[in-house]
Structures are given as C-alpha cells and as structure tokens.
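Peer 1: The structure follows.
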Amino acid sequence: MTQEDDLIHLRRAIALARATMERGDGPPFGAVVVKDGVAIAEAANTTLASGDLIEHAELMAIRHACRELGTVRLDGVTVYASGEPCPMCLGLMYQTGVSRYVFASSVEDARIIGSRSADTYADLKREPSQRSIRSAHVPLPEAVELLEAWRNRT
Ligand SMILES: [Zn+2]
C-alpha cells in the first residue's frame, strides 16, 4: 500500500464524513475498508439520524465488510477513518483481526466536538480498580462451564 493509496482512501473517508455532517445524520466521521487495495465497504457516522450510538463509521463499515465477505475475520484488511477510531471501534478491529488502520484527525483533535475518546484511552491504561468505571469480578463456576460447553460443542 503506497502513501498515495492511503491518501485516496483517507480522502474518501473524509468525504463521507462531510456528507453525513451536511445531511445532519451524525458528527463528521467516515470510514472505508480496503482489502487487497480495493475498497470493499464504507460508512459514515449516523448516530444522530438513528439515535443509535453504536452507528460509528468504522463499526458500520466493518459490519458491511463482514457481510460482503461472508466472514467475521478481516485479517489483511486496512480501515481508513477520517478520525482516529474510538475505543469501541478499535475493539471491533481487534475482534475481527483488522491488520492496519489509518486516520486523519486524532482523538485529541476530536476534543473540540466533545469527544471523550482520548480520556477513555487514558482510562484504559489504568488498572481496572483505578478506572472511572467501577467493575467487579464475581467468579461463578457456571459461567465458566458455559464457555467449556461452547468449546466442546459438536
Ligand atoms: Zn467509534
């Protein structure tokens, strides 16, 4: 992937971001999923239009790519995003095996529109007991038994 290809796909992601903002469908974020140099899926943030806060550009583009390819594995795929992915979208990239992502504006840049992604990334670096969201591990055997049942299914 040349730097020129990166710019082509990034500019497409930015065009998607501008369009969704101008339609009033969501804040200006767009994403393109590329496999073997070919754009196979794209999406923009549509959280305002849908009222569904998971409709981030990267998440929706990855969903479309998985459906297009008929798989939940995206090894070898690059995601181009107008803005640095939030922790939710980055988590999905890990889950699907995305190999690379390229972005134009940073989570620090996105603070000017009220994004909390930079703060969330900082929080995730802390030990779980030190994070702003409290958590509790209650180790019930039946929960582990479910995992074993799933592993052993025929
Ligand atoms: Zn996101």
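Peer 1: Could you check region 89-105 and list, in sequence order, the residues that are crowded, with 17+ Cβ neighbours inside 10 Å, farther than 19 Å from Ile14 by Cα and within 11 Å of the ligand (Cβ to nearest atom)?
Peer 2: The answer is Leu92, Met93.
Conditions tested, residue by residue: (1) at pLDDT 95 or above; (2) closer than 15 Å to Ala61 by Cα; (3) of a type in the set (Asp, Glu).
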| position | (1), (2), (3) |
| --- | --- |
| Met1 | no, no, no |
| Asp6 | yes, no, yes |
| Arg11 | yes, no, no |
| Ala15 | yes, yes, no |
| Met21 | yes, no, no |
| Ala39 | yes, yes, no |
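Peer 1: Considering only region 1-53, how many residues are in contact (Cβ under 8 Å) with a residue 12 or more places away in the chain, exposed (fewer than 14 other Cβ atoms within 10 Å of the Cβ) and not in a helix (DSSP H, G or I)?
Peer 2: Number of matching residues: 4.
Peer 1: Pairs under 8 Å by beta carbon, first residue within 20 Å of Thr47 (Cβ to Cβ) in region 57-75, partner outside any loop (DSSP other than H, G, I, E, B) and among the basic types (Lys, Arg), six or more apart or different chains?
Peer 2: Ala65/Lys35
Peer 1: So if I check each of Ala118, Ala49, Ala136, Ala122, which one is of a type in the set (A, V, I, L, M, F, W, C) and either touching a Gly at 6+ places or on another chain (Cβ under 8 Å) or under 16 Å from Ile14 (Cβ atoms) (or both)?
Peer 2: Ala49
Peer 1: Also, I was wondering about something else. Given the structure, is Ile62 within 11 Å of the ligand (Cβ to nearest atom), crowded, with 20+ Cβ neighbours inside 10 Å and among the aliphatic types (A, V, I, L, M)?
Peer 2: yes
Peer 1: How many residues, within region 116-135, are β-branched (Val, Ile, Thr) and either under 14 Å from Ser106 (Cβ atoms) or more than 22 Å from the chain's Cα centre (by Cα) (or both)?
Peer 2: 1
Peer 1: Looking at the structure I just gave you, is Glu58 in contact with a Pro (Cβ under 6 Å, 6 or more places away or on another chain), at pLDDT 95 or above, within 21 Å of Gly91 (Cα to Cα) and not in a strand (DSSP E or B)?
Peer 2: yes
Peer 1: Still on this structure, please answer the following. If a residue has to be loosely packed, with under 10 Cβ neighbours inside 10 Å and either in contact (Cβ under 8 Å) with a residue 24 or more places away in the chain or acidic (Asp, Glu) (or both) to count, how many in region 108-147 make the cut?
Peer 2: Count: 2.
Peer 1: OK, next. Is there any pair linking a residue in region 76-94 that is of a type in the set (Ser, Thr, Tyr) to one that is more than 8 Å from the ligand (Cβ to nearest atom) and modelled with pLDDT under 95, with Cβ under 7 Å and at least six apart or on different chains, and which?
Peer 2: Qualifying pairs under 7 Å: Thr78/Met1.
Peer 1: If Tyr80 satisfies every condition in (1) more than 11 Å from the chain's Cα centre (by Cα); (2) in a strand (DSSP E or B); (3) within 16 Å of the ligand (Cβ to nearest atom) but one, which is the exception?
Peer 2: (1)
Peer 1: Determine whether region 113-123 contains at least one residue that is more than 17 Å from Ala57 (Cβ to Cβ), more than 16 Å from the ligand (Cβ to nearest atom) and not in a helix (DSSP H, G or I).
Peer 2: No: region 113-123 contains no residue that is more than 17 Å from Ala57 (Cβ to Cβ), more than 16 Å from the ligand (Cβ to nearest atom) and not in a helix (DSSP H, G or I).
The values are calculated or read from the model by the stated rules, or taken from the named source; none is laboratory data. Just so it is clear, the structure is predicted and the values come from calculations on it, not from any experiment. When we count neighbours, we look across all protein chains shown, and the Cβ atoms used for this are built from the backbone with ideal geometry, even at glycine.
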